[in-house]
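Below is one structure, written out as structure tokens; comments come after it.
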Amino acid sequence: MTRQILIILFTLILSTKPLLARAEAPVPMPKIGQVLKLDRVGIGRRSTVNTDSIEHMMALGVFTPPQAGDEVIAPDGTIHQWKNVSLKEDGNYPPIGGGWAFATVTVEQDSTWIFQGRGHRHVYINDEPRVGDLYNLGITSIPVRLHKGENTFLFKSGRGGLSLAFIPPPSEVFIETRDPTVPDYLRADPSLVHAGIIITNATDQWQSGYHVRALSTDSSIGNEIQTAVPMLPPYSTQKIPVQLPRCPSTDTETTKVSLQLLKNNTDLNDPIEFTLKIRNPNQKHSRTFISSIDGSVQYFGVTPPPDATLESPAEPHALLLTLHGASVEGRGQSNAYAPKEGMYIVAPTNRRPFGFDWEDWGRLDAIEVLDVASELFNADPAQTYLSGHSMGGHGTWSIGAYHAGRFAAIAPSAGWSDLWSYGGGGEFDTNSEVGRLLDRAANASRTLLMKDNYYDLGVYILHGDADDNVPPSQARHMRDLLANAHDNFAYYEQPGAGHWWGNKCVDWPPIFSMFGYSRIDPKPHRVDFTTVDPAISSTRAWVTIEQQITAREPSRVIAEYDAENHTVHIQPSNTAALSLDLTVFISENHPEFPDVRIAEQDMDSASTSFTRIDSERWATAEINPAHKSPARGGPFKDAFRNNMLAVVGTTGTPEENAWALAKARYDAETFWYRGNGSIDIVRDTDFDPTKEPDRSIILYGNASSNAAWQALLATSPIQISSGHASLDAFTTDRNDLAVLMARPRPSSDTAMIAVIGGSGLTGMRLTDQFPFITSGVHYPDWFIAEPDIYLKADAGVLAAGFFELDWSLGKDSVIAIPD
């Protein structure tokens, strides 16, 4: 039986004033046909390789609309049927349960709609991927073009029941009021602040030349502020930074800001108002900043000390970076703390309440906030601390290991150590070369490979002994690992307490007692530092690991200063290059650098940078900035920072060009949904490779389909074009290979290029659901797969590897591509 949902939302959240007069008459609402459900047909986890029979069909372009009773064979050989599902009383469809749902949507004529679905990870609308609402947050609102007759919607499961809704767009380009990121005003603060606001392009054309005008409704504020809107692809949304007026002079606790979309100084929509709180500097509040990752607006919560003022403190203050748990906002985390004398408590967001488990861009967000807050509040580096609850407890273990030198003490509450012990990390066939390489790439999430970094920190572990969410065994394991070899360690289980037992499970007095006596030694005579990736973390105290011998294996340096002989002794492992800040040992008694011995070899005492020549010899040498370094070392996901810019190809076949735009838009939507992010998208014909040379590039397509390839990737040892792939001397004419690759951007020492494409349309479509915008999923520098990856997992990866330090193709590669 066909069920029909007619949802018409007349709300004040969107403008009713059209951008252009519409010639067409109102279109009847879309009609939703029978919805079908299919159980899980594969294995999905936090991994570079997942299996799924439906994704396999989509990549090959052979998926056809199913009927009830149609069968699908899963990769493990089990047979599953498409089944009818009916609406529940609440107007939603039942949860998909890890599988798929399919629906047809019929419209009477070609028309544009705003689709607001919930409870799905992603959806293919007429075979094009669009972001879903995985966590059922109700923030997804995307413009879609439906053609006359039946349109197909293929949903991948998310959380909760599936719901579908359509509303007509209020105008062609408009401000969306869902999901704003706004700050609190600080009373009498003269500085300008930013908000993050979504702009929607509901047309089939690229749009440019727009501005957002921001006005305070308070008459005491001066002139308007205008912010340029970046180029908007067809049928897209983008969350952009908008500068707001200064805080008005008022005694009220709130004020309103009006936003209006302009083109050629002409108002296009009715203004939209947002209410902002006004706080005193010593009250709990939220601050925004522009992220260097993607140019987006992010916020952090602040619990200031009772005597805080607008001015940065003259005397250094202690600072606590506190990390929230899953589904919690950063402002909620900071609000859980009572103000502390002499300490600022700041809570980053992990980019979203679920975000990235405080790994990947979640970790970058935490360190960005630490840097911003440390400057704002004159933080004392010796009195900087780290804590977190649940997922934030995991973040405390992870960030505390990577950046141990930034914190005097850490305090995980109800935390878990890594994905394999709690969340489910990627599993690979380590009997194969490819499997071992992919498993090594995942070491970035294996926290305990860096456990030795904890020993110089104060560590307080707190857990409820009745926690049924994160079991106490997580805390007990870390206690057993650290307690016996640790001088500044405390452990406590709260009797009868569950997962969250009130604010005390973060604002715990004994934790702050430990913080009170824990300090970072600014000039330690002994440094023991391990990293699995210098591009994530490279420095502790006066030691920097610049390069690794084997990528993503632990690199360790034990460095000791012999004060009596004014000599530094270095014992490195898996380290190809290192540098030392020897100025910390200059004094009146020793006005010159100390002598340096690396692996018992005397070095030139005038140098501070050293490179490994072979297994036994080291030499003084500066790091070539064109080579891998902490500033730019790969692997693939490292390119998704430095305000990355997506460049879509237009020189391929019509199908390849359409894929590039759809994929770039989908990735940008996904990064927005998961990471509150903003990725600018341009066509290759609009891209100038000489401008913004330190901006990372995400290139969609190949050498045949993207005109930017030649300027950016002409010297790459891996070349991909339509119907052809070459890896140095190896070549193949297959047209179904998917390719992910990271390369250094020419003329820059920091920017990278990420390639997302393939040797033909099938290979390109194969990348649609590669989960690189998911925490805990780690690719090497480059990765080539065939469509059977969705049936065979690791066996579908035909080549992968890490480039050498000079970015050449070398021994750390696996190539097994059959013709």
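The values are calculated or read from the model by the stated rules, or taken from the named source; none is laboratory data. What you see is a predicted model, and the numbers here were worked out from it, not measured in a lab. For neighbour counting, all protein chains shown are included, and Cβ atoms are generated from backbone atoms with ideal geometry for every residue, glycine included.
Observations
- Number of the exception - Arg178 against (1) farther than 19 Å from Leu87 by Cα; (2) over 24 Å from the mean Cα position of the chain (by Cα); (3) part of a strand (DSSP E or B); (4) of a type outside the set (A, V, I, L, M, F, W, C): (2)
- Checked against (1) touching a helix residue (DSSP H, G or I) at 6+ places or on another chain (Cβ under 6 Å); (2) crowded, with 22+ Cβ neighbours inside 10 Å, Phe640 passes all but a single condition, namely (1).
- So Asn84, is it modelled with pLDDT of 90 or more and surrounded by fewer than 18 Cβ atoms within 10 Å (Cβ to Cβ): yes
- Summed over the range 730-770, the residues that are within 22 Å of the chain's Cα centre (by Cα) and of a type in the set (S, T, N, Q) give a count of 3.
- For Gly677, the conditions (1) assigned to a helix (DSSP H, G or I); (2) touching a helix residue (DSSP H, G or I) at 6+ places or on another chain (Cβ under 9 Å); (3) under 30 Å from Gly138 (Cα atoms) are fulfilled apart from (1).
- Residue check for Ala490: more than 30 Å from the chain's Cα centre (by Cα) and either closer than 20 Å to Gln333 by Cα or free of Cβ contacts under 8 Å to residues at least 12 places away in the same chain (or both): no
- Enumeration of residues in the range 710-728 that are in contact (Cβ under 8 Å) with a residue 40 or more places away in the chain and of a type outside the set (Asp, Glu): Leu712, Leu713, Pro717, Ile718, Ser722, Ala725, Leu727
- Filter result (out of contact with any Leu (no Cβ under 7 Å at 6 or more places or on another chain), in a helix (DSSP H, G or I) and either without any contact (Cβ under 8 Å) to a residue 12 or more places away in the chain or small (Gly, Ala, Ser) (or both)) within the range 387-396: Gly393
- Selection from the range 255-294 of residues that are touching a helix residue (DSSP H, G or I) at 6+ places or on another chain (Cβ under 9 Å) and not small (Gly, Ala, Ser): Lys284, His285, Arg287, Phe289, Ile293, Asp294
- Across the range 696-734, the number of residues qualifying as part of a loop (DSSP other than H, G, I, E, B) and either surrounded by fewer than 17 Cβ atoms within 10 Å (Cβ to Cβ) or touching a helix residue (DSSP H, G or I) at 6+ places or on another chain (Cβ under 6 Å) (or both) comes to 13.
- The set of residues from the range 613-656 being more than 25 Å from Asp294 (Cβ to Cβ) and among the β-branched types (Val, Ile, Thr) comprises Ile613, Thr620, Ile623, Thr651, Thr653.
- Of all the residues in the range 774-819, those that are under 18 Å from Glu553 (Cβ atoms), of a type outside the set (D, E, K, R) and assigned to a loop (DSSP other than H, G, I, E, B) number 7.
- Failed item, numbered, when Pro190 is tested on (1) surrounded by fewer than 18 Cβ atoms within 10 Å (Cβ to Cβ); (2) closer than 24 Å to Gln298 by Cβ; (3) assigned by TED's automatic domain parsing to the domain that holds Tyr124: (3)
- Number of the exception - Glu588 against (1) more than 21 Å from the chain's Cα centre (by Cα); (2) under 25 Å from Ser775 (Cα atoms): (2)
- Some residue of the range 397-409 being part of a helix (DSSP H, G or I), touching a His at 6+ places or on another chain (Cβ under 9 Å) and either closer than 12 Å to Asp357 by Cα or β-branched (Val, Ile, Thr) (or both): no
- Of all residues in the range 105-129, none that is more than 22 Å from Ser171 (Cβ to Cβ) and outside the structural domain of Gly91 (by TED's automatic domain parsing) has its Cβ atom under 9 Å from the Cβ atom of a residue that is acidic (Asp, Glu) and buried (at least 22 other Cβ atoms within 10 Å of the Cβ), 6 or more apart or on another chain.
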